[in-house]
1. Cα axis of helix 83-92 to longest principal axis of the chain: angle in degrees, 0 to 90, nearest 10?
2. Could you give me the ³J(HN,Hα) list for the range 134-149, computed from phi with Karplus coefficients 6.51, -1.76, 1.60 and θ = phi - 60°, whole Hz, x at Gly and Pro?
3. Using amide H atoms built in the peptide plane, which far-off residues or other-chain residues are under 5 Å from residue 74 H to H?
4. With a ≥ b ≥ c taken as the square roots of the eigenvalues of the C-alpha gyration tensor of the range 2-123, please select rounded if a/c is under 1.5 and otherwise prolate if a/b is larger than b/c or oblate if it is not?
5. Among 85, 210, 35, determine the one that fluctuates most according to a GNM of the chain built with springs between C-alpha atoms less than 10 Å apart.
6. Taking the chain as the reference, fit the longest principal axis to its C-alpha atoms, fit the long axis of helix 10-22 to the helix C-alpha atoms, and give the angle between the two in degrees, 0 to 90, nearest 10.
7. What fraction of the DSSP beta bridges in the chain is antiparallel, stated in percent and rounded to the nearest 5?
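Rule-based calculations on the coordinates, nothing more; no lab input. Because the structure is predicted, anything quoted here is derived from the model rather than measured.
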Amino acid sequence: MKILIVDDEEKLAEYLRKGLTEEGFSVDVAHNGIDGLHQALEADFDAIVLDRMLPGLDGLALLKALRSKKTTPVIMLTAVDGVEDRVIGLTAGAEDYLVKPFAFSELVARIQVLIRSKQPANHRTEEPTTLSLYDLELDLIRRKAHRCGQPLSLTAKEFNLLTLLLRRQGQVLSRTTIAEQVWDMNFDSGTNVVEVAIRRLRTKLDVPFDTALLHTERGMGYVLEQRSE
């Protein structure tokens, strides 16, 4: 799946590019409206993440010009949390609207929903509703986790953290990657919130059971996998 990000905040654009690439997307970036419109018209994208305020050509003007040529799904970003502003964007042709600051996981979910909704019914691939490893199972719809048939009492953030680790099972995820994926855009990566969350999750996930699934790779990060004794 190919995504175009059009945002003049270079730090944010790079953050999104990195995160979406790690999610398996192919990502192109433009930092102004003129370049963004050119890329959107010249190449085929599955979705466009478009900032509302852009130099050269603002997001609304870009969207209107794009809609005269293509129907590529667009998620518009804005710092203004007002009904009128959202209505203007949706009326101009955006399929979705997301207010800054936002959680990266929410953006990914919205992109996936948008892409699925645009696919013909006979070409859609069903997303799994459960994830599992060894005797651990997550129900993504009901947001419940069980191990050995026993329910795990997880907070919302712990569930999101476990979901990330389980989706990427067998991969060592750095502290920075976990912070960017689980916490929102305002997260301060200089804090120890990741270590605290991992410790609390391990207490619920591993301590009561015979087999540990959550492992620490010193100097690298954390990995969820079943290891032989």
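1. Once rounded, one gets 70 degrees.
2. Result, rounded to whole Hz: 6, 9, 9, 9, 10, 9, 6, 6, 8, 6, 10, 10, 9, 9, 6, x.
3. 48, 95, 96
4. Details: a/c = 1.18, a/b = 1.11, b/c = 1.06.
Rounded, because the longest to shortest axis ratio a/c is under 1.5.
5. 210
6. Once rounded, the angle reads 50 degrees.
7. Numbers: 17 of 34 bridges.
Given both bridge residues lie in the chain, the antiparallel proportion sits at roughly 50 percent.
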